[in-house]
Amino acid sequence: MAGRNLPRGCAQTPPKQLRIGVVAGISRGLWDLIELGLRELGYVDGQNFTIEFINLDGQIGRYPEAMKELVQRKVDILVAAGPEIALKSALAATDTLPIVMVALDYDPLALGYVTSLAKPASNVTGLFLQQIEQAAKRVQLMKEAFP
């Protein structure tokens, strides 16, 4: 290759694979969809990232031990998706690894887990889907539709 001054026999070191730790109370199927989205962004499982996945099979009380297990597996990022216990467990397991939350049934701002979603001040960032307000609206619509 022209323009490259690498010594003979010198191979480039491949970039480190990113290891994403995921604990979920649901099946792996949803995370397969997330992997599909990552692939569209140029990330390919097995090439530049891997997912360490622990399925709780609905046993939400296992979140704390599962998050600790992922930290012991030396993942690079923890994903705390779903109920508040997912984020609590991730925070208890590490204070140094980045944590990406997907808050579904709680408000991480009101509860003090984060001070801003736009500019994280700690190792926690992510999404707040504001399902709380939507749930109240759904109840209101149901009452109106079926008095």
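The values are calculated or read from the model by the stated rules, or taken from the named source; none is laboratory data. Treat the numbers as computed from the prediction; the structure is a model and nothing was measured. A quick note on method: Cβ atoms are made from the backbone with ideal geometry, for glycine too, and the neighbour counts reach across all protein chains shown.
Remarks
- Flag if Leu6 is modelled with pLDDT under 85 and either touching a Lys or Arg at 6+ places or on another chain (Cβ under 9 Å) or assigned to a helix (DSSP H, G or I) (or both): no
- Of the residues making up the stretch 56-79, one or more are among the polar types (S, T, N, Q), farther than 22 Å from Phe128 by Cα and surrounded by fewer than 17 Cβ atoms within 10 Å (Cβ to Cβ).
- Residue check for Ala136: among the aliphatic types (A, V, I, L, M), modelled with pLDDT of 85 or more and part of a helix (DSSP H, G or I): no
- Being modelled with pLDDT under 85 and at positive phi is a description that applies to Gly58.
Let's see how each residue does on (1) more than 18 Å from Ala103 (Cα to Cα); (2) of a type in the set (Phe, Trp, Tyr); (3) part of a loop (DSSP other than H, G, I, E, B); (4) free of Cβ contacts under 8 Å to residues at least 24 places away in the same chain:
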{"position": "Arg19", "(1), (2), (3), (4)": "yes, no, no, no"}
{"position": "Val23", "(1), (2), (3), (4)": "no, no, no, no"}
{"position": "Asp32", "(1), (2), (3), (4)": "yes, no, no, yes"}
{"position": "Leu38", "(1), (2), (3), (4)": "yes, no, no, yes"}
{"position": "Thr50", "(1), (2), (3), (4)": "yes, no, no, no"}
{"position": "Ile54", "(1), (2), (3), (4)": "yes, no, no, no"}
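- Single residue of the stretch 109-131 satisfying the filter (modelled with pLDDT under 90 and hydroxyl-bearing (Ser, Thr, Tyr)) that is surrounded by the most Cβ atoms within 10 Å (Cβ to Cβ): Thr125
- Which numbered condition Gly25 fails, given (1) modelled with pLDDT of 85 or more; (2) within 14 Å of the chain's Cα centre (by Cα): (1)
- Any hit, the stretch 71-86, residues being within 14 Å of Ala24 (Cβ to Cβ), part of a helix (DSSP H, G or I), among the small types (Gly, Ala, Ser) and out of contact with any Gly (no Cβ under 9 Å at 6 or more places or on another chain): no
- Residue list for the stretch 94-108, restricted to those being surrounded by 13 or more Cβ atoms within 10 Å (Cβ to Cβ) and either assigned to a loop (DSSP other than H, G, I, E, B) or over 15 Å from the mean Cα position of the chain (by Cα) (or both): Thr94, Leu97, Pro98, Leu104, Tyr106, Asp107, Pro108
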